[in-house]
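Structure record follows, encoded as structure tokens.
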């Protein structure tokens, strides 16, 4: 890329209402800085949250709850993006966003699993709570990737408590990774939560488990930069633009 | 069942805001009467819509948009139900509802595909628009049933226009079914839209295509009656109850 | 259904020659009464056995041995049925009966696995003897449902000894179910033997294992009522009517 | 093998009652001679039919009907065999025979599909009637080989009419093979009927279709010789010997 | 990345002996310049060929033939690389290189298929000759991605003739892509040959076929930059370092 | 086969340079004699090694390294063969040889897995080193046989040390087989190394593990005899003859 090109803008869209929660705007800014650090020199990172979305996403119900606020936040946004990353590991609403938006949309789970598939035979996930595992398992099924999946294990710490004791988090992630290797023949580990992704855990844990540990935030960022650089957009055969703009009765009036 | 048993209450929850749309409350009542006709003698049918939901669901984006209004409608409901049917063929939010609710939740697509699998080797779907087919394909993948699926074909009539010319609808459904047999080896057809289900098309078309044609509304109703009669509830290992009731910042205040 | 409709007749066809065995006609009558209790108000249950069939079915060889006596019993039957349930968990001859008969035919294993797939991600089976497990595994493969199957475990009690110590049976079923959860990630359990189904074990064991336990007799009954109520019949593309009625040389003379 | 070794005896067990049918004992002898011609120098071929079995097998119902007569014929046989080939392309009762017998049991369909998988990516089948195709499809599913299967096509000539016009048969087989290549990407063809196998069709047709054409009788024979020469027997973990010898009430008396 | 960081060096290793062939060193330089144009600002591209390798790769035999020369070229190389791209669409020797090398190794086919899987449901390939299609099909099987694959179609122009008439090439690629959409439901197209990749065809053809067209050279480059930026290396559980350095008798002496 | 027929010549092609290694020509002769003992009376066995190939094959890198020497050895061979067995359990280059040669080519792993699939539900492999297991897993994936595979376990003894302590080898094979049964539900075991195959281990171990143990050398030999006797050749649709004979620049001169 030559210097005079306009920068690539990548929007990391948090599906929850983080600014209104305990972590607040500071955490949004912290994540933006980390993503900016990880990005290529021509990339500009935006991070936004979704007013009306849940505080944390630890169930399928919350996965669904966050999508309309996220869609609303994206429709209301002035600054366009060259790609959008859905900032939740369960990839909520990725297919919906691909229909609606005119730029590529990256799901961190999908990107991580597909990257992991280039690094080893079977990819396992270390996530936060048992309750999200069936959701991840369904995603793998829906991707048609079951033969490359080593399952998921949870460290049993809720999202909002992850920052309390990072070293305990790292310890449990290493233990869970070791379990996935021993019992499920995992060859690659993916950190299964975006809050984990911004704690620097992957880097700490990788030498302990002895296999690659993928940070889904970094991985999604690189996937976004990659598809934008290639000039690619989702297929309109799979993700047709919705025929009608107006979606609710209220909006139709 | 002995006579003195309390009736089984089945709630058919429309994810869109039908009362506010062109079809209105009359259509809700019409569907309730049809479902009541199809039900067993001890079943009482309720039909409700979801204020704030979309007018029709013809994209993945609308699939996601309808779930929070549906969840809100269900949480606000006084009359309990023994089972809930999600009244949209794409089964939007079924996994979410299974987490949140304490009664079985039936998805018409899932119920129809599994019933069809007892009637023939490969089940095909005749739906309304090409835009919903990738959504159905993903559902089949996520169910792990690809080897029993003959794909889907669309009749290219939007939901809200289905009632304009029912005989044209029936003709196109028969043609689409014949195509699925000839080109995809379909052995069973499922009508892929709930509005089709309430038009009496399945009954008309079945003799023409010469293979079973499943009405997803009737099928979902029978699946609901079946699991309630068996006293079954979704597994809490797959559909864990969310730890926290409050889902958005607003609600947390 | 209005009151004047003729009742739905469902025939539970035992593939073995039960009246000639130690359990005798009393057991047939007991099963009929249980099925009648479980059925809808408009259903009439018939139970018949198959003279010449095996005393119990605990091997693939016996699965095959029972089919011609069952076919003969069905052909010789005066009273027609609206649906037939094959009264053996291995679903022996279900495909054959679907070809020959003009009413729906339900296999308890198939019905239970498909119902279980609506309740949880992975369905496991607790059966009687290790010798029948490969048979069940083959059935799952032939249904194309491997990705939803958690395997089977046996309690190691032969069919004809199940009634000797029902509390021991229940204890072992609970243990086997717990093993399937711990080692195979089962989310739903199916009782893998029709004699188990009529012992009231499912109801006892479900609270202990903490996940749904499907009674295959009840489940098959509800599947039969469901397809009859929907007016569905097996696809003649998958289950063609045999061209010729006469099947053996003796019969041809 | 040194000269003084006792010969390998391979029994080709016809599941139908051929001696009582129009083809009669002459056809049994003709098949024996062909198999003997195709066999290795140390192999002795026996061919037997199954009194009480069907005249021809063109449906799943007949597949099941033939198994008990075949089991009875095998139990009543004085001359032991080193391997048994089930002489019907649908492999009826193969799993049952593997449990009961103490020698390897070969199914021609299974042997042909697995041999074909060594010759090309996707194996297709040319069979006699549409009615047997779902049966073959189920077999492929139950073998877990769907990804290597190109489907089946029928020439629409019943078994008992195959000998009337062998050149018409060959012509239709070539056409069906060509169709499987063009529409299903078949790389290898298997003749899907044992009566076809003994007509010399494979040899005639192969040059016309330009891909390998497997004769299932020859292929099953070679599979039998192969496993016997390797000293292999079916796994008793998959095919456990039935616990009890007596199978019906009559026999128990 | 800050400015003072050393650049990322990516080696595009051509498995054939291009400098000795008709295209010569000029083509190597042309490809280097294109890759450099496509790369990020901190990336330095090296391109090397493999003395002793084949002139072009259009068969499985040539896929295998090229690997030892490629391994030798890589072992003899002074300049280290941060990642290696195998410059052939059939990904020859990728697994071998992952064992031997201490940097990530990218296969263009694998990278393209996994990227395509993020853009649409089913990915198809337009390649040069029918003879390479079974090789690609096997790769998809070995990746466990069959459910996301729409098959491949060939334009029937050998590698070394591609440069003769680029507009004919583009025309045939568009036709083949259209065929894959119509007959195989392809949602995304991958150009299935590296020589195609450097002809600028993807960009020309994409608007004509109306779905994303992936250039495997660009895609592999972005995949390489992505894994290097993430600090990831192949799993040593899947790609163990060979125990012994010496590989042939000659080398052992 | 009548006496005057010319014998069937089967070439067992060792991909390594065995004559130059520690085992030397004596081992080649020993293997030839064993294969000759195992062969049918009309079979003549040739054994050849591949000058320039590796001493042993214990990694994917060596799998690839051995193929060109093997191809060269085969092209340089005066004596034609009716079938070629690739003498390495990882089936290196089998697809390449099938393209190039005009006789059937047998891979011992493929032949063993397909034979094992006729003996039991799930086939496991006992191999030498952990490093080869991912290679075997990939082969199974590429064969589309994952649902019939019980995985592999290693005895942790390198190829060249196998002859040092045969009873220790047998002990570890038995232990590994027992582990595969207990932890992976293996129903059949295949010895996963050709050097193991010529040690007489299968015969010793089978009674200990209680399930069939397949010797891949014997099994490949019987597969070769079988396809030759059937007059079959690989499909040219899957294994097209390479268009050009000359493969390297040097050869083109």
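Derivation of every value follows stated rules applied to the coordinates shown; laboratory data play no part. These figures come from a predicted structure and were not determined experimentally. Cβ placement follows ideal geometry from the backbone for every residue including glycine, while neighbour counts extend to all protein chains displayed.
Quick rundown of the values:
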read-out	value
Cα gyration tensor shape for segment D:67-128, rounded if a/c is under 1.5, else prolate or oblate	prolate
By average C-beta atoms within 10 angstrom, highest first, the peptides A:73-85, B:132-144	B:132-144, A:73-85
Per-residue average of Cβ from other chains inside 10 Å of F:110-120	6
Rough spin-label spacing in nm, given labels placed 7 Å along Cα→Cβ, for residue B:102 and residue E:241	6.0 nm
Residue E:130 paired with residue A:46, simple spin-label distance in nm, labels 7 Å along Cα-to-beta-carbon	5.2 nm
Computed [θ] at 222 nm, deg cm²/dmol, chain C (DSSP H ≥ 4; -39,500 (n - 2.57); rounded to nearest 500)	-12500 deg cm²/dmol
Shape of segment D:145-253, Cα gyration tensor, a/c cut at 1.5	prolate
Label distances, nm, residue E:36 versus same residue in remaining copies, Cβ-directed 7 Å point	3.2, 6.3, 7.9, 7.9, 9.1
Segment D:109-217, relative contact order [Cα under 8 Å, separation at least 6], %	34 percent
Estimated inter-spin distance, residue B:165 and residue C:33, nm [label 7 Å along Cα→Cβ]	6.2 nm
Sorted largest first, extent of segment C:1-150 alpha carbons per principal axis (Å)	45, 38, 29
Cβ crowding within 10 Å averaged over residues, with D:20-29, B:91-100 ranked highest first	B:91-100, D:20-29
Shortest-first distances to equivalent copies, position residue C:231, nm, label 7 Å out along Cβ	3.5, 5.7, 5.7, 6.6, 6.7
Gyration tensor verdict on the protein assembly as shown (Cα atoms; rounded if a/c is under 1.5, prolate if a/b is larger than b/c, oblate otherwise)	oblate
Helix E:133-143 axis, angle to chain E major axis (alpha carbon atoms, nearest 10°)	60 degrees
Inter-chain shielding of E:161-174 (mean C-beta neighbours from other protein chains, 10 Å cut-off)	0
DSSP-defined beta bridges in the protein assembly as shown - what % are antiparallel, rounded to 5	5 percent
Nearest residue to the symmetry axis between A and D, taken on chain A by its Cβ, in whole Å	A:147, 5
Rounded tilt (10° steps) of F:24-38 against the dominant C-alpha axis of chain F	80 degrees
Relative contact order (percent, whole number), segment C:143-189, Cα cutoff 8 Å, 6+ residue spacing	48 percent
0 to 90° range, to nearest 10: angle between helix C:166-184 axis and chain C longest Cα axis	70 degrees
Chain A: relative contact order in percent, alpha carbon pairs under 8 Å with at least 6 residues between	21 percent
Exercise: per-residue mean of other protein chain Cβ atoms within 10 Å, A:94-100	6
Copy-to-copy label separations for residue A:72, where each label sits 7 Å from Cα toward Cβ, in nm and ascending	0.8, 6.8, 7.2, 7.2, 7.5
